[in-house]
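Right, one structure below, let's go through it.
The values are calculated or read from the model by the stated rules, or taken from the named source; none is laboratory data. Everything quoted here is computed from the prediction, not taken from an experiment. Neighbour counts are summed over all protein chains in view; Cβ atoms, including those assigned to glycine, are modelled from backbone coordinates with ideal geometry. Ligands, DNA and RNA are excluded from the accessible area calculation, which covers all protein heavy atoms including side chains. Shrake-Rupley method; radii C 1.70, N 1.55, O 1.52, S 1.80 Å.
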Amino acid sequence: MEFLTKSDINECKKVLLSGELLAFPTETVYGLGAISSSEEAFNKLVETKKRPPNKPFTLMCSSLTQVQDIVEINNITQIIIDNFVPGPITLILKTKKDIPYYLDLGTGFVGIRIPDDDFVLKLIDAVGVPLLVPSANISSEPPAKSDKEVYNYFKDSVYIIEGACKSGVPSTIIKINGNSIEMIREGTLTLKEIMEVIK
């Protein structure tokens, strides 16, 4: 494995398409990405993070079109997307019925995020499908905020894009089920800010 830079986007694309894992900085914390169209890449992500195998990974998308292929979007979701996406928010939404089992692990819900980071959006576009992107850390450990912290977690088992993150605060996570909104984790975007736009 090796360190890459943001100018190595073609190499980054090859890494992901070959089923390897790629850590990269976002506007929140470092993400650990795997291609979402490969169950083998999913399994590698579970093993590398030492993550409970019954917990779905967030899907990072580059466009609303990609999001609409995976999940159902109701009026409340659309308002939140219009106001806060792209940005530091993950929406846990009801999945469409034909997605692969390993994406939602039978829960019927999956987290979706469109990051406010030009490089990550270009990378997802280059790969052509959404990426499975949890935070870059061993499960239950703090998320990495720099390439050095990523390396300390994973050594040579993943490819790492050099850099640092903008805020260092993980994304806000909300679950939307019909008209119900549940705050799972509050980041820089607060529940109050979210509720104000859907009144």
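Could you compute the net charge surrounding Ala41? Neighbours are other residues with a C-beta less than 15 Å from the C-beta of Ala41; K and R count +1, D and E count -1. Please report the intermediate quantities before stating the final value.
Values: positive: Lys13, Lys14, Lys44, Lys49, Arg51; negative: Glu20, Glu39, Glu40, Glu47.
Combined, the nearby Lys, Arg, Asp and Glu give +1.
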Cross-link candidates for Lys55: which aspartates and glutamates have Cα within less than 13 Å, leaving aside residues fewer than 8 places away along the same chain?
Glu47, Asp104
At 1.4 Å probe size, what's the solvent-accessible area of Thr5? Round to the nearest 10 Å².
50
Determine ³J(HN,Hα), in whole Hz, for all residues of the stretch 94-104 in sequence, where each value follows from phi through the Karplus function 6.51 cos²θ - 1.76 cosθ + 1.60 and θ = phi - 60°; x replaces Gly and Pro.
5, 7, 6, 6, 9, 7, x, 4, 5, 6, 10
If you plug each phi of the stretch 50-63 into the Karplus form 6.51 cos²θ - 1.76 cosθ + 1.60 with θ = phi - 60°, what whole-Hz ³J(HN,Hα) values come out, in order, with x for Gly and Pro?
6, 9, x, x, 9, 10, x, 8, 5, 9, 9, 10, 9, 7
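Counting alpha carbon pairs within less than 8 Å and at least 6 residues apart, what relative contact order, in whole percent, applies to the chain? Spell out each step's value before the answer.
On the way: 404 pairs, mean separation 66.5, N = 199.
Worked out over the chain, it gives 33 percent.
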Taking the radius of gyration and the Kirkwood hydrodynamic radius from Cα positions alone, what is the Rg/Rh ratio for the stretch 93-199, to two decimal places?
0.98
For each pair in Lys49/Lys145; Lys13/Lys96; Lys6/Lys50; Lys14/Lys155; Lys13/Lys155, compute the distance between the two Cα atoms and list the pairs where it is over 23 Å.
Lys13/Lys96; Lys6/Lys50
Got a number for the accessible area of Lys55? Probe 1.4 Å, square angstrom, nearest 10.
110
With x for Gly and Pro, the residue-by-residue ³J(HN,Hα) of the stretch 162-173, computed from phi through the Karplus equation 6.51 cos²θ - 1.76 cosθ + 1.60 at θ = phi - 60° and given in whole Hz, is 5, x, 9, 9, 6, 9, x, 10, x, 5, 5, 10
Reduced to Cα centres, the span from the stretch 142-196 to the stretch 11-57 in Å works out to 15
With contacts defined as alpha carbon pairs under 8 Å and 6 or more residues apart, what's the relative contact order of the stretch 19-63 in percent?
28
Dipole of the chain (Lys/Arg Cβ +1, Asp/Glu Cβ -1, origin at the Cα centre): which of Gln78, Pro25, Tyr159 lies farthest to the positive side?
Gln78
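Can you tell me what share of the DSSP beta bridges in the chain is antiparallel? A percent to the nearest 5 is fine.
Values: 19 of 29 bridges.
Restricted to the chain, the bridges split so that about 65 percent are antiparallel.
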Could you give the radius of gyration (one decimal) and Dmax (whole number) of the Cα atoms in the stretch 18-100, in Å?
13.9, 38
Provide the packing ranking of 156-169, 130-143, 62-75, i.e. peptides ordered by the mean count of other C-beta atoms within 10 Å per residue, highest first.
130-143, 156-169, 62-75
Give the accessible area for Arg185 in Å² (nearest 10); use a 1.4 Å probe, count only protein heavy atoms, and leave out ligands, DNA and RNA.
100
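What's the magnitude of the charge dipole for the stretch 62-188 around its Cα centre, counting Lys and Arg as +1 and Asp and Glu as -1 at the beta-carbon? Answer in Debye, nearest 20. Could the numbers behind the result be given before it?
Working: 11 positive and 16 negative charges, 44 e Å.
Roughly 220 debye for the stretch 62-188.
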Given (i) 59, 39, 31; (ii) 49, 47, 30; (iii) 48, 34, 30, which label gives Cα extents along the principal axes in Å as computed from the coordinates?
(iii)
